Amino acid sequence: MNRRFVSVFLPLILIFSLVLPSCSASAAADSDSEKHRGIDVSVWQGDIDFEKVKNSGIEAVYIRAGEGSNIVDDRFEENYKAARDAGLEYGFYHYVTARSVDEAIAQADFFAGLIESKPYTMRAAMDFENLSGLSDDEAVKIAGAYLERLNERLGHTPAVYSDAYDAESVWKSNLTAYPLWVADYGVREPGDIGGWKDWSGFQYDDKGSVSGISGHVDLDYFKGAIFLTDKEKSATKKIRRSVAVDSDSCSCD
């Protein structure tokens, strides 16, 4: 090898070898903190044109599947199919009304039963915001039981939807193993979120306007941690196949 080449270019090669890993790490960090524009919807938004929603710049949508242990959102199936067909990232949330651990497990089973046969790319989310009549310890036990059961049934770590006050004062550091989707209006960033180091979803407005939706809609930002990993997508796919097999093998009178 030419000595002049070695003396001039070898140091440059060494410099680039040190810089490139640093750049890659920086890019990964930027990707993890990147905000994706989103909304969350339910029967209250009525008929939605998800093609217009996507064309307006919305990338992701959370769809309410149901409430409690027996209420299915009237627009659940319609919103799911339309969001999927529009090519949006989407996931499902469930409004929890449990007042005991047993009820929490039953409601997690109900939610899982609604969505386990469907493909989705965002974590199933627990919306447990009506805590009236419960002590903080009771609420934490109910939420913990619900999330554990949902994890078992769906094969991935679910997310927690909460306002900033409950995140800081009720959930504290008890549920931080689960990504946080936090509601805090009129601010650029959520306030104190308890034991969570960062938020994965941020609902920043409950009176937003988006093309394709008549009336108000919740506006959100979502980060990478709210989306399923490739490994988790594989797990949910296996569950869908298992559900399909069980359904096909069912002999009904």
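Please treat every number below as a calculation from the coordinates, not as lab data. Just so you know, these numbers come straight off a predicted model, no measurement behind them. Cβ coordinates were reconstructed from backbone atoms using ideal geometry, including for glycine residues, and neighbour counts include every protein chain displayed.
What to note about this one:
- Only a single criterion out of (1) assigned to a loop (DSSP other than H, G, I, E, B); (2) buried (at least 17 other Cβ atoms within 10 Å of the Cβ); (3) not β-branched (Val, Ile, Thr) is not satisfied by Ser162, namely (1).
- Among the residues making up region 166-212, those that are crowded, with 18+ Cβ neighbours inside 10 Å and at positive phi are Gly194, Gly212.
- Output for region 147-192, where each listed residue is in contact with a Phe, Trp or Tyr (Cβ under 7 Å, 6 or more places away or on another chain) and in contact (Cβ under 8 Å) with a residue 40 or more places away in the chain: Leu150, Thr157, Ala159, Tyr161, Trp181
- Residue list for region 52-74, restricted to those being more than 25 Å from Phe202 (Cβ to Cβ) and either in contact (Cβ under 8 Å) with a residue 40 or more places away in the chain or in a strand (DSSP E or B) (or both): Gly68, Ser69, Asn70, Ile71, Val72
- Being of a type in the set (D, E, K, R), in contact with a helix residue (DSSP H, G or I) (Cβ under 8 Å, 6 or more places away or on another chain) and assigned to a helix (DSSP H, G or I) holds for only one residue in Glu77, Glu103, and it is Glu103.
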